[in-house]
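*Asks:* Let me give you the structure first, and then I'll get to my questions.
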Amino acid sequence: MLITNFSVAVSDEYLDVNSSAKPSISLTPYIGILEDASQQLTLADIEQESLSSSFKTNLSSTKSINLRFTSSAYWLRLIIDNSSDLPIEKVIELNYTLMKNIDFYWQIDHKNHQTIHTGYALPYENRAYESTIFAFPVQISAHSQNVIYIRCATPNAMFIEANLWEPSAFQKQELGRYGFQTFFFGIMISIFLFTLGLAIATKDIDYYCYLSMIFFMALSFIVSRGFGATYVWPHTPWLTERGLLIFASFFFASQLLFIYRVLKLKQLMPRLSLIAKGLIALNLIMPMLVSYSIKLAIFANILITLTTVFVIIILVIACLKKQTNAYFLSVGFSLLIIGILIRELHAAGLIETNFYSLNGLQLGSCFGLLVFTFYLTDRFRLLHQENETSAVYLKNSRLKLAAATEAHSASVTQQIALKTQAEKLRTILELSPDGIGISDLEGMITFVSDKTMFMWGYIKEELLGKSIFDVIDISSHETVTNMIAQLLKGNSLGAVVYDMVRKDCSHFSCEVNSSLIYDIDNKPTHILFIQRDVTERVKLAKELELAKKMADQANLAKSVFVSHMSHELRSPLNAILGYSELLQMDNSITTEQLDFVQEILKGGTHLLQLINQMLDLSKIESGHIGLTLRPENISTIIDDCLVLTRPLAQKKAIKLRYQHKQDIFTLCDRTQLIQLLLNLIANAIKYNVNQGTVDISVELNDTKTYTIHVIDSGIGMDPERLAKVFDPYVRLTTTEDIEGTGLGLSIVQKLVNLMDGTIGVKSEQGVGSHFWITMPLLTDVDEPITSAIRLPSTEKNTYKMPESSCQYQVLYVDDNASNLKLTANMFRAFSHLKLATLQDSTLAIAQALLQCPDVILLDINMPEMDGYQVLKAIKANDVLKTIPVIALSANSMVEDIERGRVAGFSHYLSKPVDKTVLIQTIDQVLGLRGQV
């Protein structure tokens, strides 16, 4: 019944829970109900006397209160007493899942005891009892009066079925409800999977329509039974609110489409088929309308009712026309339609709520689905039988047809494949940035791209259908003929550059890639030419080759120049430094004269240092310096450098401080590393202030590199000079009293780069400079890299006269009389050596045979016979070949030293020769001392 008007009366009816032993009691007779049209009333409002007396009481004894679709909220009031001496536990049940909001207020003796806010719009955790319906456990205290207010609101059709349960009976009833739903949805899933198999097997649209019926029917029941709000989409309340109408509309659209197809309604009832199409469309549109506004729910229910009535009408008419499929559909839809009508009448409030009104739709649906499934299964069987019969017939027909069509099919397939391939190829060729041409095997052109025409200077009509040899210059005929012949032999030519001639007789370099095009039988039919104008690339390559050749020639000329300059400068330096050393040893000269000699030595030594550094730089730039990698302790190398530079530091009272934090072991070239460190430390001393400091430190960065720092407190550099600090011939300062060549740091940088390291610098004028080198930490190498030369040591050689009573004969051959005279004067200080000199190299062999010297000193650049010719003659003489021969030459380039070693010289000493080094070398070859 629909309640719209309420009398102003307060019921004295109340429920004494001690007076009934039934497991459940309908609460409808005991409920007072109040409509809240504004949905704004609160508990405090309805407890006021003006509203409290407005509750409608003395309701009919029906099991439920049906309120249809309404926009109002409703307040329920229930008074429960307990006259017993013990508390009694009960469960208050509202058996309707589509309640959007339920507010439960429990008062004991006019005091608030419990408040619960729940409904499908609120999280499931808010429910007092874990169930798809709404249940509230209560414990009624002994001799107490309990007033319970329940506020209900929903946009769906509202009906209120309220019951009071014994807890154990309620749990049993819940188990029964879940058991029935499990049984029902289990049958639906089984039917759905079975039908899905039939649909996949038959690929019949009717079966897919039936699958959509099952699917949307299941979703409708998931909504109406509360499983959606509880388990499936608990956080999407709008889908619970409108889902039943949405899924039901889709279900009826699928149902009507299924009937339309099975009955062939268009042929059976043409006029009604138009109505059926309209109802299908309306049922498909209705979900969108309901999704837009729930207020259209009443129209959705009306449409569902009209669709149900229409289905009954067309099934009756089809049965009257003795349509076989109509009988099955009528049986299947009979209980389903009854269930639908019961549901709609129940929603309209025309029938009361009971087990059949609540579950009749599911029972009817289950029965209907079983009938439809049996019908579709039998239909599948008949179709299968028909297919088998047809298959036998088709097999025989195919065998007959296959022989007749096989040849034709192969031909058509081949033509289609060729055409498709040709179209694809044509598209690719047209879009290619390179020139593309295609000819047959005889050279007749069948295709040219726009790029090809532009490249050769022809238009398409001048090329298509003509032979390649008609359009290319006669000078290229042989080239193209050989190209085609090689391709037909199966040879891959790759990219080949040819000199080609355009239409206007201009030449260009053309890079051609060519290959054969095959048909589906793998037979060559055409030749593909991919052409690219590489004139600029060829021109650039020639220019680069010429530039490289010129650079190599320039580099060679530079090396020859440096070599000649070194030779020409070393020869007079040999005399300058040699005679200066002799004068320095003369005790008869005055102090002033000794100062003059020392200035000569100082200038000569500086010039020799400049020459050596120029040679070092030339060697590094030409790649003639390699590396000899051996295990070394970096701290030990730094200690050796400090020993060598400490005398220089002591002259200016500079403190050399080495922060030895840890030992670092690595593979390195000791000589090269010492040279570059000596350069850095010597600069830090030279450009420092008196009583300044030089700090050296080494640190391990990681497992791959280490860094050595050299920090001084010297004069520093301005930014302009700092930017050019590693350029050759750039000095750190222009001060005249500090000597330098400007090559040291350039050599250091190149040595660091040679060792795969990096060098950096920071400097501030008047504060000092900070240089650092970061080197790779090597722990192993496949094979050592041997240096082609060994750079001069910075150590000062000292000589100790060997203990020998013998006098050894030394023959010195040099075309320069000054060198002979100088060397003779040097040898006077060494009593164990007797020097004989010879200026004419052609007499060297005769003089050697006459004198039988123990050692021969031999110049290289001599007229008539050079040093190598003399050495060859010595080695060819059985008497002289065992005599050690030492080269003394102003030629000091790496290649000169290497040539001397290969030729057979025992040692190769560069002029100007250090007196001590020369004598030590002679002593070594005579066996008077170890390695120098």
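*Asks:* Got at least one residue in the range 156-177 being of a type outside the set (Lys, Arg), closer than 30 Å to Leu51 by Cα and open to solvent by 30 Å² or more (accessible area, probe 1.4 Å)?
*Replies:* For the range 156-177, residues of a type outside the set (Lys, Arg), closer than 30 Å to Leu51 by Cα and open to solvent by 30 Å² or more (accessible area, probe 1.4 Å): present.
*Asks:* Restricting to the range 442-459, and then to whatever is under 20 Å from Ile517 (Cβ atoms) and over 47 Å from the mean Cα position of the chain (by Cα), can you tell me which residue is surrounded by the most Cβ atoms within 10 Å (Cβ to Cβ)?
*Replies:* Result: Ile445.
*Asks:* Of all residues in the range 471-520 being within 47 Å of the chain's Cα centre (by Cα) and at positive phi, which is least open to solvent (accessible area, probe 1.4 Å)?
*Replies:* The residue in question is Gly494.
*Asks:* I'd like to verify a number: residues in the range 248-281 that are in contact (Cβ under 8 Å) with a residue 40 or more places away in the chain and assigned to a helix (DSSP H, G or I), how many?
*Replies:* Within the range 248-281, the first condition is being in contact (Cβ under 8 Å) with a residue 40 or more places away in the chain, and the residues that meet it are 248-249, 252, 254-259, 261-263, 265, 268-269, 272.
Still in the list and also assigned to a helix (DSSP H, G or I): 248-249, 252, 254-259, 261-262, 265, 268, 272.
The qualifying residues number 14.
*Asks:* Name the residue, out of Asp878, Asp914, Asp854, Asp923, that is open to solvent by 20 Å² or more (accessible area, probe 1.4 Å), in contact with a Pro (Cβ under 9 Å, 6 or more places away or on another chain) and charged (D, E, K, R).
*Replies:* After applying the criteria, what remains is Asp854.
*Asks:* Related question: Could you check the range 52-77 and list, in sequence order, the residues that are in contact with a helix residue (DSSP H, G or I) (Cβ under 6 Å, 6 or more places away or on another chain) and at pLDDT 85 or above?
*Replies:* Trp75
Matching residues to (1) within 25 Å of Leu361 (Cα to Cα); (2) aromatic (Phe, Trp, Tyr); (3) assigned to a helix (DSSP H, G or I); (4) in the same structural domain as Ala248 (by the TED database):
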{"residue": "Gln145", "(1), (2), (3), (4)": "no, no, no, no"}
{"residue": "Tyr149", "(1), (2), (3), (4)": "no, yes, no, no"}
{"residue": "Phe159", "(1), (2), (3), (4)": "yes, yes, no, no"}
{"residue": "Met188", "(1), (2), (3), (4)": "yes, no, yes, yes"}
{"residue": "Thr195", "(1), (2), (3), (4)": "yes, no, yes, yes"}
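*Asks:* Any residue in the range 857-866 that is within 60 Å of the chain's Cα centre (by Cα), in contact (Cβ under 8 Å) with a residue 24 or more places away in the chain and over 24 Å from Met801 (Cα atoms)?
*Replies:* no
*Asks:* Under 29 Å from Thr420 (Cα atoms) and either of a type in the set (Phe, Trp, Tyr) or at pLDDT 75 or above (or both): does that describe Ser492? Full working, then the answer.
*Replies:* Numbers: under 29 Å from Thr420 (Cα atoms): yes; either of a type in the set (Phe, Trp, Tyr) or at pLDDT 75 or above (or both): no.
So Ser492 does not fit the description; no.
*Asks:* May I pose another question? Tell me, which residue of the range 116-133 that is β-branched (Val, Ile, Thr) and touching a Ser or Thr at 6+ places or on another chain (Cβ under 7 Å) is surrounded by the most Cβ atoms within 10 Å (Cβ to Cβ)? Step through it out loud before you land on a result.
*Replies:* Our first condition is that a residue be β-branched (Val, Ile, Thr); within the range 116-133, this holds for 116, 118, 132-133.
Checking which are touching a Ser or Thr at 6+ places or on another chain (Cβ under 7 Å) leaves us with 132-133.
Numbers: Thr132: 21, Ile133: 18.
If we take residues in the range 116-133 being β-branched (Val, Ile, Thr) and touching a Ser or Thr at 6+ places or on another chain (Cβ under 7 Å), then Thr132 is surrounded by the most Cβ atoms within 10 Å (Cβ to Cβ).
*Asks:* Continuing with the same structure: Can you name the residue in the range 260-290 that is among the β-branched types (Val, Ile, Thr) and at pLDDT 90 or above and, of all such residues, is least open to solvent (accessible area, probe 1.4 Å)? Write out each step before concluding.
*Replies:* Our first condition is that a residue be among the β-branched types (Val, Ile, Thr); within the range 260-290, this holds for 262, 275, 280, 285, 290.
Adding the requirement that they be at pLDDT 90 or above leaves 275, 280, 285.
Values: Ile275: 85, Ile280: 24, Ile285: 77 Å².
Across the range 260-290, the extreme among qualifying residues is Ile280.
The values are calculated or read from the model by the stated rules, or taken from the named source; none is laboratory data. For clarity, every value in this text was computed on a predicted model and none was experimentally measured. Heads up, the Cβs are rebuilt from the backbone with ideal geometry, glycines too, and the neighbour counts pull from every protein chain shown. Note: areas computed on protein heavy atoms with side chains; ligands, DNA, RNA excluded. Shrake-Rupley method; radii C 1.70, N 1.55, O 1.52, S 1.80 Å.
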